Amino acid sequence: VAELMRGAGVFACDAMLFDLGVSSMQLDRAERGFSFRKDAPLDMRMDSGSGETAAELLAHVDERELRRILAHWGEERRAASIARAVVRERERTPLTRTVQLAELVERVAGPAARRSRIHPATRTFQALRIVVNEEILGPLGMQLFQQYDETEYIESSIALVQQNIYIGGALTLIVLML
């Protein structure tokens, strides 16, 4: 953000707006690959014309990084087990379909998780969607997330706001609550 501001000749601002939400209209279309309830290509991109799909991400991400993605962005308690299962499964066959991934997560979660209020794959799909679309952080933020631990990232984000907003300025967050 700071680099973009400097490039535009802006050195501080009166307000910053962070939109952390997503559109349900985009998520509701099965063919977009956001839903585990209907079989579709494992895409998950908001802009289907650019960027890496969820299937492409799962094809190359290492187990440690996938565990980190699932734990951080999906708050998934079974992140390690799911990451391990994804790596094992993709050695047999590529993960390219939504139902294929959802069923894999269900198997890892076990029978007790199926009785839960939310589907066992909900948190995994959420984490992948956030990373594929760089929803919360943008490209620069995703690079920072990969380089630093969570505490360092939060501290660097706070510093960015402090350095680029005028005294008395406003910071506004739009947050999606599910």
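The values are calculated or read from the model by the stated rules, or taken from the named source; none is laboratory data. A quick note: this is a predicted structure, and the numbers were derived from the prediction, not measured. Every residue, glycine among them, receives a Cβ derived from its backbone with ideal geometry; neighbour counts consider all protein chains shown. Side chains are part of the model used for accessible areas, which takes the heavy atoms of the whole protein and leaves out ligands, DNA and RNA. Shrake-Rupley method; radii C 1.70, N 1.55, O 1.52, S 1.80 Å.
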Working carefully through the options 56, 75, 65, find the one that is among the charged types (D, E, K, R), surrounded by fewer than 17 Cβ atoms within 10 Å (Cβ to Cβ) and at pLDDT 95 or above.
56
Residue match in region 111-128 (condition: open to solvent by 40 Å² or more (accessible area, probe 1.4 Å), among the hydrophobic types (A, V, I, L, M, F, W, C), part of a loop (DSSP other than H, G, I, E, B) and modelled with pLDDT under 95)
yes
Which residue pairs have Cβ atoms closer than 8 Å, lie 6 or more positions apart in sequence or on different chains, and pair a first residue in region 25-52 that is closer than 13 Å to residue 135 by Cα with a second residue that is at pLDDT 85 or above and open to solvent by 70 Å² or more (accessible area, probe 1.4 Å)?
45/52
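Taking region 76-112 on its own, how many of its residues are touching an Asp or Glu at 6+ places or on another chain (Cβ under 7 Å) and either free of Cβ contacts under 8 Å to residues at least 12 places away in the same chain or of a type in the set (A, V, I, L, M) (or both)? Outline the logic, then answer.
First, pick out the residues of region 76-112 that are touching an Asp or Glu at 6+ places or on another chain (Cβ under 7 Å): 82-84, 87, 95, 97-99, 104.
After this cut, where a residue has to be either free of Cβ contacts under 8 Å to residues at least 12 places away in the same chain or of a type in the set (A, V, I, L, M) (or both) as well, the list is 82-83, 87, 95, 99, 104.
So the count comes out to 6.
So, of the residues in region 78-110 that are assigned to a helix (DSSP H, G or I) and of a type in the set (Ser, Thr, Tyr), which turns out to be least open to solvent (accessible area, probe 1.4 Å)?
98
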Is it the case, given these coordinates, that residue 87 is in contact with a Pro (Cβ under 7 Å, 6 or more places away or on another chain), of a type in the set (A, V, I, L, M) and at pLDDT 95 or above?
no
